[in-house]
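The values are calculated or read from the model by the stated rules, or taken from the named source; none is laboratory data. Just so we're clear, the structure is a prediction, and the values are computed from it rather than from any experiment. Here Cβ is always computed from backbone atoms with ideal geometry, including for glycine, and neighbour counts include all displayed protein chains.
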Amino acid sequence: MWQEENQSLIIDKLSEMLSVTDTTYAEKLTAMFDQARRIFISGAGRSKLVGNFLGMRLMHCGYDVAMVGEIVTPSIKSGDLLVVISGSGETEQLIAFTKKAKEIGAKVVLISSRANSTIGDLAEAVFQIGKQELYQKVKGMPMGTVFELSTLCFLEALISHIVWEKAIPEEKMRERHANLE
């Protein structure tokens, strides 16, 4: 019984967060991806893991993607897009990445739980997942879980949008999938 109750709690909370997230974000973010020469994705902790999901799926869709902090990540340049995933928009390391990207001439987009933050003030666009007042303590979903899971679901739906809009065949995506695993 407890498992069903906890699953319902999580699914209901994610549904609530996504139902109040701006429905125009998919089109706007897709346009930013399409205009970018390359896409760099950054985050810290579990938000970085959510970014890894996004990076893999964008690569499957044919975008040129790099994960910030990996040993083979190239230098960011003008014309590139830095996607920062940060619930608070205040993570010091991510602020430094944002400032560096802006200094070089790259564009920055923030995916966050907050409309206003240090990174958000520097970014070209802020995509707020849910509404701030819905992030109050949630039983069984501690320490940013609501943001991370809501963001993961939002980004997976975004990938679905891209695949659908661009008519990307799954076979093409499979060709791009790692084959050394």
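The table below lists the values:
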{"item": "Test: residue in the stretch 123-134 that is closer than 23 Å to P74 by Cα, aliphatic (A, V, I, L, M), in contact with a helix residue (DSSP H, G or I) (Cβ under 9 Å, 6 or more places away or on another chain) and buried (at least 16 other Cβ atoms within 10 Å of the Cβ)", "result": "yes"}
{"item": "Residue satisfying all of: in the stretch 36-79; of a type in the set (K, R) and without any contact (Cβ under 8 Å) to a residue 60 or more places away in the chain; surrounded by the most Cβ atoms within 10 Å (Cβ to Cβ) among these", "result": "K48"}
{"item": "Selection count where residues are surrounded by 15 or more Cβ atoms within 10 Å (Cβ to Cβ) and hydroxyl-bearing (S, T, Y), scope the stretch 7-30", "result": "3"}
{"item": "Subset of the stretch 18-55 (residues that are under 17 Å from I162 (Cβ atoms) and of a type in the set (G, A, S))", "result": "A26, A31, A36, G51, G55"}
{"item": "Filtered residues of the stretch 1-36 (kept if of a type in the set (A, V, I, L, M, F, W, C), assigned to a helix (DSSP H, G or I) and in contact with a strand residue (DSSP E or B) (Cβ under 8 Å, 6 or more places away or on another chain))", "result": "L29, M32, F33"}
{"item": "Pair list, Cβ under 8 Å, 6 or more apart: the stretch 5-34 residue of a type in the set (G, A, S), other residue part of a helix (DSSP H, G or I) and surrounded by fewer than 18 Cβ atoms within 10 Å (Cβ to Cβ)", "result": "A26/A157; A26/H161"}
{"item": "Qualifying residue in the stretch 89-99 (condition: surrounded by 15 or more Cβ atoms within 10 Å (Cβ to Cβ) and under 22 Å from Q136 (Cα atoms))", "result": "yes"}
{"item": "Within the stretch 70-178, helices (runs of 4 or more DSSP H) holding 2 or more residues that are closer than 20 Å to R57 by Cβ and within 17 Å of the chain's Cα centre (by Cα)", "result": "145-165"}
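Residues checked against (1) on the phi > 0 side of the Ramachandran plot; (2) among the polar types (S, T, N, Q); (3) at pLDDT below 95:
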site: S42; (1), (2), (3): no, yes, no
site: N52; (1), (2), (3): no, yes, no
site: M56; (1), (2), (3): no, no, no
site: E90; (1), (2), (3): no, no, no
site: L94; (1), (2), (3): no, no, no
site: S112; (1), (2), (3): no, yes, no
site: A115; (1), (2), (3): no, no, yes
site: F127; (1), (2), (3): no, no, no
